[in-house]
1. Does residue 193 satisfy being buried (at least 18 other Cβ atoms within 10 Å of the Cβ) and over 27 Å from residue 293 (Cα atoms)?
2. Mind telling me which of the residues 100, 68, 141 ends up being in contact with a strand residue (DSSP E or B) (Cβ under 6 Å, 6 or more places away or on another chain) and at pLDDT below 85?
3. Given the conditions (1) more than 32 Å from the chain's Cα centre (by Cα); (2) surrounded by 12 or more Cβ atoms within 10 Å (Cβ to Cβ), which single one is not true for residue 202?
4. From 353, 331, which residue is in contact (Cβ under 8 Å) with a residue 40 or more places away in the chain and surrounded by fewer than 16 Cβ atoms within 10 Å (Cβ to Cβ)?
5. If we keep just the residues of the range 296-316 that are touching a residue at least 24 places away in the same chain (Cβ under 8 Å) and not in a loop (DSSP other than H, G, I, E, B), which is farthest from the chain's Cα centre (by Cα)?
6. Is it fair to say residue 224 is touching a helix residue (DSSP H, G or I) at 6+ places or on another chain (Cβ under 9 Å), modelled with pLDDT under 85, assigned by TED's automatic domain parsing to the domain that holds residue 133 and part of a loop (DSSP other than H, G, I, E, B)?
7. Restricting attention to the range 331-344, does a residue exist that is in a loop (DSSP other than H, G, I, E, B) and more than 27 Å from residue 297 (Cα to Cα)?
8. Just checking, which of 169, 212 is farther than 16 Å from residue 234 by Cα and either under 31 Å from the mean Cα position of the chain (by Cα) or not in a loop (DSSP other than H, G, I, E, B) (or both)?
């Protein structure tokens, strides 16, 4: 007998093969899903553990916050520790009121002198002697304080240099409007305004010409000469007073105008009375704390040009063994380069003490 093969038997084998492939793919996908689900479960568990840990930390922080009392802001409660009771009026001072009691040295606040009412507060600015537009200091001063109290607080590098060489003197003046306020407290103080007032008296024409250039400007003066106008400026009636007996409330000034502070012979600073207002309860009520420093420019120091580590203490000019001219040295590098067995190796250069820029 002959075996009969169905006509569609040739297509049976490919169908079986495709089914096997499909089964393999589905099983692979199932395994991937299982792995993915296991990973998801692992990530979920680790995430939940981290969330629980963060929740515990947050709870601990809240408990710590509840147990700690910030007495600076909570004026109506008593502290757990032994100490003074903080009253409501002693809350932290607002920065807008220019009350910077944190910057006041403890030595200046030992004496508690109550402020007399009504009292005025002035904002007093000092500018650099060479970089005229650079503000170096800013103070808050009372209207009833003497001018010498603010003068003693002004910091200038020239004063420090003169102290180093032993030639420091307290003489100086504020020129505010048409008044020379001279510091004559020292036994050997010099009245800086006297030669100026003598020149104004003896050279009126020259002084008037210079005054017109100052007030009107050079361009307007040339236009005036061209038009030949007869109107002339008048010299102010300058006068001199003692700084140590003059208060801020005794002088006339304009807010925002630039005035002059001169000391140590010819070191000049622009000073500005920027603001004026009445004192209020949030200000420092201790008169001994004023003048308050509200701004102090940061001092810049040069490092030693040799070691590049320590701050410079000496500066040399025309030094043949130095790497630059002028050259900055710390004390160690300076003596190592210029001295041997305690004696100077050469002296054909100039050396000066260095403080800061």
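The values are calculated or read from the model by the stated rules, or taken from the named source; none is laboratory data. Nothing here was measured: the structure is a model prediction, and the numbers come from that model. Counting neighbours? That spans all protein chains shown, and the Cβs are built from the backbone with ideal geometry, glycine included.
1. Details: buried (at least 18 other Cβ atoms within 10 Å of the Cβ): yes; over 27 Å from residue 293 (Cα atoms): yes.
So residue 193 passes the test.
2. 100
3. Condition (2) is where residue 202 drops out.
4. Being in contact (Cβ under 8 Å) with a residue 40 or more places away in the chain and surrounded by fewer than 16 Cβ atoms within 10 Å (Cβ to Cβ) holds for just one of 353, 331, which is 353.
5. Residues of the range 296-316 touching a residue at least 24 places away in the same chain (Cβ under 8 Å): 296-297, 299-307, 312-316.
Cutting the leftovers down to not in a loop (DSSP other than H, G, I, E, B) gives us 296, 303, 314-316.
Values: 296: 5, 303: 21, 314: 26, 315: 27, 316: 30 Å.
Top of the filtered list is 316.
6. Values: touching a helix residue (DSSP H, G or I) at 6+ places or on another chain (Cβ under 9 Å): yes; modelled with pLDDT under 85: yes; assigned by TED's automatic domain parsing to the domain that holds residue 133: yes; part of a loop (DSSP other than H, G, I, E, B): no.
The answer is no for residue 224.
7. Yes, the range 331-344 has at least one match.
8. 169
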